[in-house]
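Reviewing the structure listed below.
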Amino acid sequence: MANTSESANLIRSVAIIGSGMSGLTAATRLKDAGVSVVLFEKSRGPGGRLAAKRVGDGAIDIGAQYFTIRSDDFREFLDTYAGKDCYAQWDGKLRYQTPDKRWTAFRASTRYVGVPRMTAISRALSAGLDIRFETRISHLARDENQKWLVFDADEQVEGHFDAVIVTTPPAQARDLMIDSGLDISLQDPVFHDYPLQACWTVAARFSEPVPFDGDGLSAEHPILQWAANNSSKPGRASKADGGVEGDWWVLHARADWSEMHQHASADWVREQMLNGFAEVIDAPVRAEESRIHRWLYAKTASDQKAPGHRWYPVLRVGLCGDWLQGGRVEGAFESAGSLLDELRQRGAIR
Ligand SMILES: Cc1cc2nc3c(=O)[nH]c(=O)nc-3n(C[C@H](O)[C@H](O)[C@H](O)COP(=O)(O)OP(=O)(O)OC[C@H]3O[C@@H](n4cnc5c(N)ncnc54)[C@H](O)[C@@H]3O)c2cc1C
């Protein structure tokens with residue numbers, strides 16, 4: 001009898017929505033536990049906010065700029081499943097501006113980047129996983145056996161699953177729940193308590209080396225929050241390494257400014273940000289070419305301690321993602337890990 005209920009409780013198939021760091025971590029761990037997993041990703045490739053924009057034959061990091069490896073668990077995961085070759089330490093000299101506009105060194109920390117671009121990590125992690133790209137999941141419904149049917153934006157059923165794990169930013173997760181007729185999004189404050197804020201991003205190539213004594217900066221400026229010399233990261237500088245030629249910098253606007261100008265024209269935003277950069281470094285730099293991207297959901301806005309993940313046992317629906325674990329790449333990894341720990345404790349996976 002015990003065996004029968006134990007077996008009925010076991011999750012054998014899972015749909016994971018989103019193939020960012022949290023979705024890829026959850027999928028890898030579930031696959032190791034013998035669970036059949038399909039990932040659904042609305043974009044053309046994996047990685048989510050571990051993102052790079054194509055420029056010529058190479059690409060520039062436009063999402064996460066670097067990541068930390070604080071836990072042995074994260075390092076072991078990366079080395080085992082992505083491989084040591086797809087990431088490296090970035091020894092860039094980072095400076096931040098004090099309110100009285102003086103430049104000071106960043107707190108000492110070891111920072112890592114994907115090589116030759118951030119997406120090298122998600123590409124490597126996704127090898128061997130069943131991922132359906134360009135498939136935006138619009139809603140979920142139960143079949144007659146109480147399995148989850150997963151519907152794409154064309155109303156096509158993408159499969160039947162014992163459980164669903166949603167790894168999208170909270171606003172998109174909430175919409176998915178509402179469109180699936182699940183009122184957990186109304187009952188659980190988690191969907192509102194840990195919002196992600198917008199971030200306008202410009203990648204710009206300068207013909208002359210930018211006259212700033214550093215490879216990255218955090219500014220005290222009404223528009224610009226962050227700028228980094230993409231070309232200073234390992235494996236970026238030469239085309240032969242898969243990098244991009246020229247002095248490419250990535251600029252991130254402040255969250256409040258990005259929210260306020262979410263719907264402004266890209267050309268106007270680009271000009272404001274490039275002018276802002278020239279003001280911050282106090283030099284009349286001119287970009288030869290540039291790319292712009294608007295992140296509607298970029299970084300966590302809450303400094304409250306987040307719960308790590310969510311699992312709704314009756315529904316067999318889970319949530320994980322950076323926003324549930326303090327933001328950042330390593331947080332996304334940890335959030336997926338904590339969800340799987342709960343599933344194991346409940347006897348839902350082995
Ligand atoms: C501009 C910027 C700068 C950052 N800087 C840093 C940094 O320096 N250091 C750091 O550690 N972190 C940084 N971050 C944060 C870091 O990128 C994230 O914490 C991490 O990548 C989040 O991973 P995730 O899996 O939780 O979410 P995501 O990467 O957002 O993954 C969610 C995935 O779900 C997909 N998706 C959404 N809706 C659907 C749907 N309906 N159907 C199918 N797929 C869907 C999305 O396309 C996406 O691929 C930055 C982020 C941005 C945007």
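Every read-out reported here was derived from the displayed coordinates using simple, explicitly stated rules and does not represent laboratory data. Everything quoted here is computed from the prediction, not taken from an experiment. Positions of Cβ are generated from backbone atoms using ideal geometry, with glycine treated the same way; all protein chains shown enter the neighbour counts.
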Cα lying deepest toward the dipole's positive end in the range 68-157, options F133, F151, F77, charges on Cβ: F77
Tell me which residues come under 5 Å, amide H to amide H, from D247 once H is placed; ignore anything under 5 positions away on its chain. F206
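Report, in listed order, any pair from K53/K299; K84/K305; K31/K147; K42/K299 with a Cα-Cα distance greater than 23 Å.
Working: K53/K299 18 Å; K84/K305 31 Å; K31/K147 19 Å; K42/K299 19 Å.
Result: K84/K305 exceed 23 Å.
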Total charge dipole magnitude, the range 8-57, about the Cα centre, Cβ charges on Lys, Arg, Asp, Glu only, Debye to nearest 20: 140 debye
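Grab the Cα-Cα distance for R136 and D57, subtract it from 0.36 nm times how many residues apart they are, and report the gain in nm with one decimal. Please report the intermediate quantities before stating the final value.
Details: separation 79, 0.36 × 79 = 28.44 nm, distance 2.76 nm.
Extending this stretch completely gives an extra 25.7 nm.
Answer rounded, prolate or oblate for the range 40-112, using the Cα gyration tensor with square roots of eigenvalues a ≥ b ≥ c: rounded when a/c is under 1.5, else prolate when a/b is larger than b/c, else oblate.
Details: a/c = 2.29, a/b = 1.38, b/c = 1.66.
Note, shape of the range 40-112 comes out oblate.
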Fewest-first ordering of W268, W103, W311 by Cβ atoms within 10 Å yields W268, W103, W311
Integer Hz, Karplus 6.51/-1.76/1.60 couplings in order for the range 312-329, x for Gly and Pro: 9, x, 5, 7, 6, 10, x, 10, 8, x, 4, 5, 8, 9, x, x, 6, 4
Rounded to the nearest 0.05, what FRET efficiency is calculated for D256 and Q187 with R0 set to 35 Å and r the Cβ-Cβ distance? 0.70
Of V55, T98, Y66, whose Cα points farthest to the positive end of the dipole of the range 47-150 (charges on the beta-carbon: +1 Lys, Arg; -1 Asp, Glu; origin at the Cα centre)? T98
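Helix-derived [θ] at 222 nm for the chain: sum -39500 (n - 2.57) over DSSP H runs of at least 4, divide by residue count, nearest 500? Provide the component values of the computation, followed by the final result.
Working: 10 runs with 91 residues, N = 350.
Calculated from helices alone, the mean residue ellipticity at 222 nm is -7500 deg cm²/dmol.
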Would you work out the charge dipole size for the range 8-143 about its Cα centre, treating the Cβ of every Lys and Arg as +1 and the Cβ of every Asp and Glu as -1, and quote it to the nearest 20 debye? 520 debye
About the Cα centre, charge dipole magnitude for the chain (Lys/Arg +1, Asp/Glu -1 at Cβ), debye: 440 debye
Under the √(5λ) rule applied to the eigenvalues of the Cα gyration tensor, what semi-axes describe the equivalent ellipsoid of the range 36-186? Give them in Å, descending. 36, 19, 15
Please list, in chain and number order, the residues 5+ apart from D130 or on another chain whose amide H is under 5 Å from its amide H, with Hs placed from the backbone. L39
Determine the distance separating the Cα centre of the range 103-129 from the Cα centre of the range 1-78; give it in Å without decimals. 15 Å
What relative contact order, as a whole-number percentage, does the range 190-283 give when Cα pairs under 8 Å and 6 or more residues apart are counted? 36 percent
Surface/4 estimate of mean projected area, convex hull on alpha-carbon atoms of the chain, nm²: 18.6 nm²
In what sequence do T98, T135 fall when counting other Cβ within 10 Å, fewest first? T98, T135
